[in-house]
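Report on the structure given below.
No value in this document is a laboratory result; all are computed from the given coordinates. These figures come from a predicted structure and were not determined experimentally. Here the Cβ is made from the backbone with ideal geometry for all residues, glycine too, and neighbour counts use every protein chain on show.
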C-alpha cells in the first residue's frame, strides 16, 4: 500500500467500491478520468450501477475526457444512473440511449471541455472520480494510461474519489507532463515549442483534504480491438505517403515531415502503419491517442517522440505495452487534453492532421459524427481542434460503406462537422484530392474524379452538371436531389439508405419525411 499511497494520513480514506458509491447523490455532476478507453475508473461505476439497480435513485451528469470503457459508459447508461453525458463516446449502450432520447448528450470539441469546467459553464463539479497509479507525499495524483480532463476535474471538484489500479504498471510514473493554463485575461503563453518539451509536473496537484475515498482495484482497461490493416486502408495510407513525399520534393515539408496527428480507429492506425515501410525517419507525433502503429514506429527507430493524452492500444497492444512499458515510456509523453488538443499548439507546431470521415460531400464538407444526419455515432472528438489549426488537414474514408450499398462521397453532407474552409485534402482508397487553392466547382470535380467509387462517379458527375445549369454558379446544388441521397425509411426496425439515386428520388414521393 505504501508504494501506491505515499501519504500516511490518507490510509484511513481507503474503502470498498460500494462504500465509495454511497457518496454520490442524486443530481450530482461528476467528472471522471479516462480517454479512449484508457485510464478510466471501473470499480466505483460498477458499484454505482448495482446501487441503482437495487432501487436507489441516483441520476448523474457525467463528464469524461473522451470515450471510456463499458464499466463506466455502459454500466451507468444501462442502469439509468447516467442522465447527461459530455463530450465523446463509443459505447453501444450509451449510443442507443442517446439516439432514443433517454439520455441528454452534447457533442463538443475536446479542447472546449476543460475550459467549460474551469469557466463554470457546467455548473458545480461535485465529484472528481479518477483512476490513479499512486498518490504522492504531497497528495498529488499520478495518472495511469491517460490524462484527459483529470487536472481540471481535480482542481474544480468539491471532493475527489481515487481508484488506485494495481493492474497498471509502476513504470508509467514519469511519463506524464501536467501543465495547466490560467483563466483569461491572465492566460500566459504555453511554453511548448517542440513535441518533446516537458513543461509541467509528473503528477496532478491535489489538496489532500479533498480526497474523500480511495478504492483499490485491479480491473484492466477494456481496450478495443483494432481491425486488420485491409487493402483499402493500405491504399489510403499509400496515397497519403506519396502525397507527403511530393510535398517534401516541393519544399513545403521537411524531410522528417512535421508533427503528425492521427485520429482513433483502424483506418487511422493503418495510415500511421504505412509509414513503417516508408523512407521517412526521425518522425515526431503530437496527437491525442498513441496506438499500436506508433509502438511499431518506435520499435523501428522511426519516431523520436510521441506526445498525446492517452495510450490506446488494441488488446494485443496492451500486453505488449505492459511488457515493454519502461521502453515506450522513454519515447511517449502524456499531457492533459487541454494541452494535447490546444489549438494554439497545433498551429505553432505545424501539425499534419489526419482524421476520419463518415461522409464527404463534393464541395469538401465533412461529416464525422452523424449517420444520415440524425443518428449520433461517436462525436467530433478532437478532430476539429487539429483540423482547423493544422499545417495540413487530411480526411480519410473508404469510398463506400455497407458492402458498396452506400457512397461515402455524396452531393451534400447530411451533417457537417468540418466545413470546406478547414479541409485541405480528402483521401479514399480510390485516390487523393488536394483541395488547396480551389474554387468549389473545381473541388467538386477533384473529389468526384479522384475519391468517389466508380459505381457512384457517374451519378455524382450528373448531379454536378445538372446543378451547374442553375442560375447561381458558385457552389450549385439541387436541394431535392441532394437530400434524396439520404432518403430514409423504417424497414424491420432499421434505417436504410438507398444506393441508387433514381430509385431514391422515386422513394421520396412515397416516404415523405
- Could you give the nm distance between label points at residue 50 and residue 319, where each point is 7 Å from its Cα heading toward the beta carbon? 2.9
- Task: Let me have the relative contact order for region 164-245, percent, based on Cα pairs under 8 Å that are six or more residues apart.
- Result: 39
- Note on the structure: Among (1) 40, 28, 19; (2) 40, 37, 20; (3) 37, 26, 25, the value of semi-axes √(5λ) of the Cα gyration tensor in Å computed for this structure carries the label (1)
- Note on the structure: Mean separation of Cα contacts under 8 Å (at least 6 apart) over the residue count of region 231-462, i.e. the relative contact order in percent, is 18
- Per the rule of 0.36 nm per residue minus the C-alpha distance, extending residue 299 to residue 480 adds in nm 59.9 nm
- Message: Expected output is a single nm value to one decimal: the length gained when fully extending between residue 252 and residue 182, i.e. 0.36 nm times separation in residues minus the C-alpha distance. What is it?
- Response: 21.7 nm
- Message: Rounding to the nearest 10 and keeping the result within 0 to 90°, find how far the Cα-based axis of helix 43-53 lies from the longest principal axis of the chain.
- Response: 80
- Query: Label-point separation (nm) for residue 377 and residue 218, each offset 7 Å from Cα along Cα-to-Cβ?
  - Reply: 3.9
- Item | Relative contact order [Cα under 8 Å, 6+ residues apart], the chain, whole percent | 13
- Inter-label distance for residue 198 and residue 59, nm, one decimal - labels placed 7 Å from Cα along Cα-to-Cβ: 4.7
- Message: Taking the beta-carbon count within 10 Å as an exposure proxy, list 477, 421 from fewest neighbours to most.
- Response: 421, 477
- Message: Between residue 119 and residue 92, what is 0.36 nm times their sequence separation minus the Cα-Cα distance? Round to one decimal in nm.
- Response: 6.6 nm
- May I ask for the angle, rounded to the nearest 10°, between helix 110-119 and the longest principal axis of the chain, with both axes built from Cα atoms and the value confined to 0 to 90°? 50
- Query: In whole Å, what is the distance between the alpha-carbon centres of region 386-437 and region 81-107?
  - Reply: 26
- Could you calculate the FRET efficiency of residue 209 with residue 419 from 1/(1 + (r/R0)^6), where r is the beta carbon distance between them and R0 is 51 Å, rounded to 0.05? 0.60
- In degrees between 0 and 90, to the nearest 10, how far off the longest principal axis of the chain does helix 231-249 point, with axes built from Cα atoms? 90
